[in-house]
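Here's the structure, in structure tokens; my notes come after.
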Amino acid sequence: MQSNYGRYIYERLGKSILEDEDGFAVYFCVNKACYIEEIYVRPEARKSGVAKKYADEISRQAKQNGMEVLIGTVKPSAKGSTTSIKVLLAYGFELESCEHDFIFFKKSLEV
């Protein structure tokens, strides 16, 4: 069952959310890209594959809807940014570009 917040961000912003007792992931698709905007995993569930589970489900839905790439970003000045970069690289993302305080990563969705 989706939360009220999930319904709100879809209605208001066109963004989708995956959520369960371990955390959530917010994402949206535009053109042929699916942008994973946020992934949060509660501290007790980190390093247990939860983020991968969310990314796998987002990838599955993105492919099903004809998306060709996943996009992810990291704000270097944010707390935990080194860990976020490691997670994206481990999932197969590659560095796409850097701009101001954002690093953009991209991963091809093989169909």
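List of remarks:
- Some residue of the range 17-30 being closer than 21 Å to Phe102 by Cα, open to solvent by 20 Å² or more (accessible area, probe 1.4 Å) and more than 12 Å from the chain's Cα centre (by Cα): yes
Quick grid of which residues meet (1) part of a strand (DSSP E or B); (2) under 17 Å from Ser3 (Cβ atoms); (3) among the small types (Gly, Ala, Ser):
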{"site": "Ile17", "(1), (2), (3)": "yes, yes, no"}
{"site": "Ala25", "(1), (2), (3)": "yes, yes, yes"}
{"site": "Glu37", "(1), (2), (3)": "yes, yes, no"}
{"site": "Tyr40", "(1), (2), (3)": "yes, yes, no"}
{"site": "Lys52", "(1), (2), (3)": "no, no, no"}
{"site": "Ala55", "(1), (2), (3)": "no, no, yes"}
{"site": "Arg60", "(1), (2), (3)": "no, no, no"}
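- Being on the phi > 0 side of the Ramachandran plot, in contact with a strand residue (DSSP E or B) (Cβ under 6 Å, 6 or more places away or on another chain), open to solvent by less than 40 Å² (accessible area, probe 1.4 Å) and in contact (Cβ under 8 Å) with a residue 12 or more places away in the chain is not true of Gly72.
- Checklist (1) of a type outside the set (Val, Ile, Thr); (2) in a loop (DSSP other than H, G, I, E, B); (3) over 19 Å from Lys15 (Cβ atoms) applied to Leu89, failing item: (2)
- Any hit, the range 33-41, residues being crowded, with 17+ Cβ neighbours inside 10 Å and either among the aromatic types (Phe, Trp, Tyr) or free of Cβ contacts under 8 Å to residues at least 12 places away in the same chain (or both): yes
The values are calculated or read from the model by the stated rules, or taken from the named source; none is laboratory data. Predicted model, so just to flag it, every value in this text is computed and none were measured. Don't worry about glycine lacking a Cβ; one is built from the backbone with ideal geometry, like all the others, and counts go over all protein chains shown. Please note that ligands, DNA and RNA were not included when accessible areas were found on the heavy atoms of the full protein model with its side chains. Shrake-Rupley method; radii C 1.70, N 1.55, O 1.52, S 1.80 Å.
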